[in-house]
């Protein structure tokens, strides 16, 4: 039996009579519990779609709190068994696999629950197309950032909630656009400049079962403090930004310090590759930043959460961390090991953004270190909430390791505006004289 907080019970009460709902509760407010309580209130079997890294968490959640049979639908045999089971049960599958299970397209009369429903905001993606064509009797959407501040990305979720409005009409009524000519094709493309009829949109969302709730409406959470740790960019970085070409040495870490390894050539022949290599030159190829990371972890015995982007970053950071403690946890696309995080006060937990910025409860820690920043606003906002959530009683500290006068400063400024750092922004930044 789950004991709900007042704000969670309020969300359920306000949607009691509805069979299609969206719980857009701020990260940390326990939308998992709200969603599962709503799901089990229906007599139907439940199909839960989530990120791959969250499958086991959801399986254990339903097994722990409800007397229900739970199937991991990533296993084909269990998928067949779930489809053939009569009565209420739960099937859990990830977004990247669901559209490959064609049998799911033919079932009906079930409860569909989407964890992090913002993942289907691109209705042209295969997973989104598949989900939008399904035939559930009940729908439950869960997200802390349903649009990442972009109302134009909400249409797919509105469709699942039963709002019978075309995407074209939705844009006409609620999105302000200007048409800009594309230099390559000559065609005009829409550019979002703002929104209109926002109060009307909010009223329609409420009418169709959408509940929005921010943390400060439910709890007084601890203070959040940002601490920039600045280092100088390398001469290789500055040369690369001028010439779009550089040969650098890979860095290795040993007991005595850092040393150079094999040479690698970085060629920024497109905006995408130049942005990628510029960020890497401020990370895995930046000796001063790696040293700053080492200094930081040796300055405290607190649990640390460290966000990173690239596999080579992880390799270097782990080697540095092992100088201090053997108690290391890792969450990425191929590994989810939080044992050290749970057991040891001095543990260091490395998390790759795509795999762990959403959904993890890490409030045993109150320090996050950003070795490099993501370029995705939603992942950035979600990452901060891993420690700033229900159960956190201490001030939360966010340590940003940054190369001054580099692309990283512009990335951080863009993320603080709740925007993605796109190729267009990078090109503008480069033109302004980085």
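The values are calculated or read from the model by the stated rules, or taken from the named source; none is laboratory data. Keep in mind that what you see is a predicted model, and the values were worked out from it rather than measured. With ideal geometry, Cβ positions are generated from the backbone for all residues, glycine too; neighbour counts draw on all protein chains shown.
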Identify the single condition in (1) over 30 Å from residue 202 (Cα atoms); (2) surrounded by 15 or more Cβ atoms within 10 Å (Cβ to Cβ) that residue 100 does not satisfy, given that it satisfies every other one.
(2)
Given the condition more than 22 Å from the chain's Cα centre (by Cα), in the same structural domain as residue 397 (by TED's automatic domain parsing) and at pLDDT below 95, answer yes or no: does some residue in segment 328-345 qualify?
yes
Only one of (1) under 19 Å from residue 378 (Cβ atoms); (2) surrounded by fewer than 17 Cβ atoms within 10 Å (Cβ to Cβ); (3) modelled with pLDDT of 90 or more fails for residue 115. Which number is that?
(2)
Testing residue 69 on (1) closer than 17 Å to residue 117 by Cα; (2) in contact with a helix residue (DSSP H, G or I) (Cβ under 9 Å, 6 or more places away or on another chain), one condition comes back false. Which one is that?
(1)
Kindly establish whether residue 394 is assigned to a loop (DSSP other than H, G, I, E, B), modelled with pLDDT of 90 or more, touching a strand residue (DSSP E or B) at 6+ places or on another chain (Cβ under 7 Å) and assigned by TED's automatic domain parsing to the domain that holds residue 360.
no
In segment 354-369, which residue that is at pLDDT below 95 and not in a loop (DSSP other than H, G, I, E, B) is surrounded by the most Cβ atoms within 10 Å (Cβ to Cβ)?
356
List, please: which pairs have Cβ atoms under 7 Å, are six or more places apart or on different chains, and start with a residue in segment 190-206 that is assigned by TED's automatic domain parsing to the domain that holds residue 178 and end with one that is at pLDDT 85 or above and in a helix (DSSP H, G or I)?
192/152; 195/174; 196/174; 197/173; 197/174; 201/174
Inside segment 216-249, can you point out the residues that are out of contact with any strand residue (DSSP E or B) (no Cβ under 9 Å at 6 or more places or on another chain), closer than 30 Å to residue 397 by Cβ and touching a residue at least 60 places away in the same chain (Cβ under 8 Å)?
217, 219
So which residues in segment 25-57 are closer than 20 Å to residue 359 by Cα and either out of contact with any helix residue (DSSP H, G or I) (no Cβ under 8 Å at 6 or more places or on another chain) or assigned by TED's automatic domain parsing to the domain that holds residue 358 (or both)?
31, 35, 39, 54, 55, 56, 57
Select, from 74, 64, the only residue that is surrounded by fewer than 20 Cβ atoms within 10 Å (Cβ to Cβ), within 24 Å of residue 3 (Cβ to Cβ) and either free of Cβ contacts under 8 Å to residues at least 24 places away in the same chain or in contact with a helix residue (DSSP H, G or I) (Cβ under 6 Å, 6 or more places away or on another chain) (or both).
64
Considering only residues that are touching a strand residue (DSSP E or B) at 6+ places or on another chain (Cβ under 7 Å), modelled with pLDDT under 90 and either surrounded by 13 or more Cβ atoms within 10 Å (Cβ to Cβ) or outside the structural domain of residue 320 (by TED's automatic domain parsing) (or both), which ones fall in segment 250-283?
250, 251, 252, 258
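Would you point out the residue of segment 310-327, among those that are touching a residue at least 60 places away in the same chain (Cβ under 8 Å) and over 22 Å from residue 245 (Cβ atoms), that is surrounded by the fewest Cβ atoms within 10 Å (Cβ to Cβ)?
323
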Hey, any hits in segment 181-197 for a residue that's in a helix (DSSP H, G or I) and surrounded by 13 or more Cβ atoms within 10 Å (Cβ to Cβ)?
no
Complete set of residues in segment 79-96 that are outside any loop (DSSP other than H, G, I, E, B), touching a strand residue (DSSP E or B) at 6+ places or on another chain (Cβ under 9 Å) and touching a residue at least 12 places away in the same chain (Cβ under 8 Å)
79, 82, 83, 90, 91, 92, 93, 94, 95
